[in-house]
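Written out below as structure tokens is the structure these notes cover.
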Amino acid sequence: MNKPFDVEIERLTAPGSESIRPLLGLAQAPERGTFFLETFGCQMNDHDSEKVAGVLLARGYRQVETPDAAGLILYNTCSIREKAAQKVFSRLGEYRAKQSEGKIIGVLGCVAQQEGEGIFERAPWVSLVCGSASYRKLPELIAQLESGNHRVTGLELDTDETFETEITRRDNPFRAYLTIIEGCDKACSYCVVPYTRGPERSRASDSILREVRQLAELGYSEVQLLGQTVNSYADPTPRKMRFAELLLAVAEVPGIRRVRFTTSHPSDFTRDIVEAMEAQPKLCEHVHLPVQSGSTKVLRAMQRTYTRDEYLGKIAMIRSPSRSQRISSLVFPANPKPILNRR
Ligand code: SF4
């Protein structure tokens, strides 16, 4: 990855895009057809879809707004709730007739990883099944589809790098999502993420900062750093930047006015993060710190790695006297239902 670009779809499709496409190395990409991409789930999925769209645009595909207009229909799925997984198969049922029209149908994301080749059994009209830990293989998988393969899969979890693309097609012209850590090494009893997204892999700090500088040059003023446990970030480079240091470095990039991060794990929410927020006003006073339960007994059963008192201690630290006037929003989600089966 030596030349990542970030573009809005309009800049590639609008009149005048001819001058941009060569800059992105797209001039040589032959017209390959159209794709429709529907996304369910969290911000990580939203951002994965932005990167998937970038991969396809770089190969010469054009994004369209409806499945009817598309040759390739992709469905980026979520399995955090049982209902969400059921919805995938119901939506795939709607797409069944599309295959007979010569369209290629693919399932990406957590349901793809969880159900694997079983999707071909339940929905034989699907041609591509790829979990998020294998997105780096997407160009290769798409090439296999283009050469006539009818069933291709990317289901490996042993990916040791995060998913980076040459082009990311972002929807919001001001705020950019940026994944800094993939997967999760925790083992909460109700959660499918360690199985669907694989073990934790952090992105190199220099690569993150290079992309933030490019984002600023492109006019983005807000960056939201993403990770399932974003504050467990562990810089794989010799620099070994801590998460708090990374936050400060991102905030110092000229042109960046606001920095957010989500989702944080209470056990890894350390004092230096609070100190960084205190010292740097560009770090927004917005902390997403899932509590999951107010009962230590239940937290233990959930295999969360903190007690009720430890959680309250983190809140007290965040709301330390010097900060109490400044913290404006703490977001506590409702308890998720423990509905997922572990495999
Ligand atoms: S820390 Fe979050 S992502 Fe990781 S297993 Fe627990 S709930 Fe899932």
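Every read-out reported here was derived from the displayed coordinates using simple, explicitly stated rules and does not represent laboratory data. Everything quoted here is computed from the prediction, not taken from an experiment. Please note: Cβ atoms are built from the backbone with ideal geometry, for glycine as well, and neighbour counts cover all protein chains shown.
The table below lists the values:
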item: Ranked by how many other beta carbons lie within 10 Å on average, peptides 208-214, 294-300 from highest; result: 208-214, 294-300
item: Per DSSP, loop GluC sites (Glu not before Pro) in region 122-184 with at most 14 further Cβ within 10 Å; result: Glu156, Glu161
item: Net charge, Cys184 excluded, C-beta distance under 9 Å - Lys, Arg +1, Asp, Glu -1; result: -1
item: Fewest-first sequence of Glu217, Glu65 by Cβ atoms within 10 Å of each Cβ; result: Glu65, Glu217
item: Residue order, fewest to most surrounding Cβ atoms within 10 angstrom, among Cys42, Cys110; result: Cys42, Cys110
item: Between region 255-280 and region 296-310, the alpha-carbon center distance in angstrom; result: 23
item: Across Lys87/Lys240; Lys51/Lys87; Lys87/Lys137, pairs whose alpha-carbon gap is larger than 31 Å; result: Lys87/Lys240
item: Filtered chymotrypsin sites (Phe, Trp or Tyr not before Pro), region 174-255: DSSP coil and at most 11 other beta carbons within 10 Å; result: Phe174
item: Residue-wise HN-Hα coupling along region 198-209, computed from phi with Karplus coefficients 6.51, -1.76, 1.60 (Hz; x: Gly, Pro); result: x, x, 5, 9, 9, 7, 4, 4, 5, 5, 4, 5
item: Total formal charge among the other residues, if their Cβ is under 10 angstrom from that of Met44, Lys/Arg +1 and Asp/Glu -1; result: -2
item: In region 77-124, the trypsin sites (Lys or Arg not before Pro) that fall in loop regions by DSSP, at most 16 other Cβ within 10 Å; result: Arg81
